[in-house]
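Read the structure below first, then the notes.
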Amino acid sequence: MAKKVVEIENLVKRYKDLIALDHLNLAIEEGEVFGLLGPNGSGKTTAINCILALLHFDKGSVKVFGEEMQPDSYGSKRQIGVVLQNVAVFEELTVQENIDYFCGLYVQEKQVRKQYVEEAIEFSGLENFRKFYPKKLSGGLLRRLNIACGIAHKPKLIIMDEPTVAVDPQSRNRILEGIQKLNRDGATIIYTSHYMEEVEQICSRIAILDKGRCVASGTKEELKSMIKMGEKIHMEAEGLAPYQIAEIKELRHVYQVDYRDGMLEIRCSGGKHNLVHILEYFGSREIGFGRVYSELPTLNDVFLEITGKDLRDHAEVK
Ligand code: ADP
Ligand code: MG
């Protein structure tokens, strides 16, 4: 069995009356890119801060590398790279000096450090900006610097808290590819985001958080197989009568039909032959239709079915 890098059991964190983490359980194994997916306010950052022993919690336990995490667990902390949600770099240091500073907290040997700093610059694509001060950098480059500072010392566990919020698409892709490369090179990654597409793209396992609870976890395939919806079919069809909608609802595997502005949205359980049945119905009744397309469930559908809420409604940047 793979080694557990982080184990969280029954973690409770309150801010006065608000329960930010409500008996959270998570186990993250060596070699994973583990995604914490949840809307703003679901407790992602609070969970990260508890893992890092930056916050006191009310109940439960957090183990990192098999040991209870304490504020002075320097041995463990040395092996962890952190990229916090809010960019934290020194304004009075250049790009290169910032990376060197953070790397220097863990790596004393000068030659090694020089090499590591160079690798982090290259990794983040900051070669042309090494002499720049942070305030001259665009949002995306600043994020990349923030990441370079967090990972230069080659930690075994890398925790990134929403590293792609408000960055341009080019930096975003670069960041996502970078995370995958760090993982291939041996690091375990914890990645938080409220963007389901990103989590789906890079994470080997995902925990979905809502109001401080883990409402579901597993691989994306496992998560999608937990829900009723197997396929969503969209169809342009003008002027359907209510009895026809009712008949469509009676077709095999169909459990929900929405019809708005000439657009049919048909939710089916199971993922096979649904389109065939629907097209057969339209053919046999000689009803005309326009564009048709089918979608497999997304992580948003998982979130929607489990919590009754749309992840995207809650995902506005703070
Ligand atoms: P996320 O990172 O998923 O957006 P957070 O962990 O930041 O969520 O927040 C979880 C909940 O705790 C939210 O309701 C937030 O308002 C609240 N919260 C976070 N930090 C504090 C704090 N320092 N004081 C009071 N409430 C807080
Ligand atoms: Mg957060």
Just Asp17, Asp161, Asp258 to compare: in a GNM of the chain, with alpha carbon springs under 10 Å, which one fluctuates most? Asp17
Where a Cα-Cα gap under 20 Å defines reach, which lysines qualify for Lys16, not counting those fewer than 8 residues away within the same chain? Lys44, Lys59, Lys211
Apply the Karplus curve 6.51 cos²θ - 1.76 cosθ + 1.60, θ = phi - 60°, to the phi angles in the stretch 27-37 and return the couplings in whole Hz, x for Gly and Pro. 9, 10, 9, 4, x, 7, 9, 9, x, 9, 10
Whole-percent carbon and sulfur share, accessible surface of the stretch 1-73, 1.4 Å: 47 percent
So which of Lys63/Lys136; Lys181/Lys220; Lys13/Lys77; Lys63/Lys135 end up more than 28 Å apart, counting from Cα to Cα? Lys63/Lys136; Lys63/Lys135
Directionally averaged shadow of the stretch 93-140, computed from the convex hull of its alpha-carbon atoms, nm²: 3.3 nm²
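Carbon and sulfur together cover what percent of the accessible area of the stretch 232-318 at a 1.4 Å probe radius?
50 percent
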Of the GluC sites (Glu not before Pro) in the stretch 267-298, which ones lie in a loop per DSSP and count no more than 13 other C-beta atoms within 10 Å? Glu286
If packing is taken as the average number of other Cβ atoms within 10 Å across a peptide's residues, how do 109-122, 23-36 rank, most packed first? 23-36, 109-122
Cα centroid distance between the stretch 102-159 and the stretch 199-248, in Å? 39 Å
Distance in nm between Glu9 and Val215 label points, each 7 Å along Cα→Cβ, equals 2.7 nm
Taking a probe of 1.4 Å, how large is the accessible area per residue of the stretch 233-283, in Å²? 55 Å²
Highest GNM mean-square fluctuation among Tyr74, Tyr243, Tyr195, for the chain with Cα springs under 10 Å, belongs to Tyr243
Each label sits 7 Å from Cα toward the beta-carbon; between Asp58 and Asp17 the label points are separated, in nm, by 1.3 nm
Where is the GNM fluctuation largest for the chain (alpha-carbon springs, 10 angstrom cutoff): Pro169, Pro242, Pro297? Pro242
Quick calc, the stretch 171-318, dipole around Cα centre from Cβ unit charges on Lys, Arg (+) and Asp, Glu (-), nearest 20 debye, gives 560 debye
What 222 nm value per residue comes from the helices of the chain, counting each DSSP H run with n ≥ 4 as -39,500 (n - 2.57) and dividing by all residues, nearest 500 deg cm²/dmol? -10000 deg cm²/dmol
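For the stretch 14-92, which trypsin sites (Lys or Arg not before Pro) are in a loop by DSSP, counting at most 15 other Cβ atoms within 10 Å?
Values: sites: Arg14, Lys16, Lys44, Lys59, Lys63, Lys77, Arg78; in loops: Lys16, Arg78.
Taking the stretch 14-92 and a limit of 15 other Cβ atoms within 10 Å, the loop trypsin sites (Lys or Arg not before Pro) found are Lys16, Arg78.
Quick check: at a probe of 1.4 Å, how many percent of the accessible area of the stretch 83-208 sits on carbon and sulfur atoms?
Carbon-and-sulfur percentage of accessible area, whole number: 50.
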Karplus (6.51, -1.76, 1.60) ³J(HN,Hα), θ = phi - 60°, over the stretch 257-266, in Hz, Gly and Pro reported as x: 10, 10, 10, 8, 6, x, 10, 8, 10, 10
Please state, to two decimals, what the Cα-based radius of gyration of the chain comes to when divided by 2.2 N^0.38 Å (N = residues). 1.20
Could you check what % of the DSSP bridge pairs in the chain are antiparallel, to the nearest 5? 70 percent
Kirkwood Rh for the stretch 38-130 from C-alpha pairs, in Å, is 15.5 Å
Check which residues have an amide H placed less than 5 Å from Val5's amide H, if you skip close sequence neighbours. Ile28, Glu29, Glu30
Go through the stretch 125-217 and name the trypsin sites (Lys or Arg not before Pro) that are in a DSSP coil and have 11 or fewer other Cβ atoms within 10 Å of their Cβ. Lys131
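The values are calculated or read from the model by the stated rules, or taken from the named source; none is laboratory data. This structure is a prediction, so every number in the text was calculated from the model and none was measured. We place every Cβ from the backbone using ideal geometry, glycine too, and count neighbours over all the protein chains shown. When the accessible area is computed, the model is the full protein with side chains, heavy atoms only, and any ligands, DNA or RNA have been set aside. Shrake-Rupley method; radii C 1.70, N 1.55, O 1.52, S 1.80 Å.
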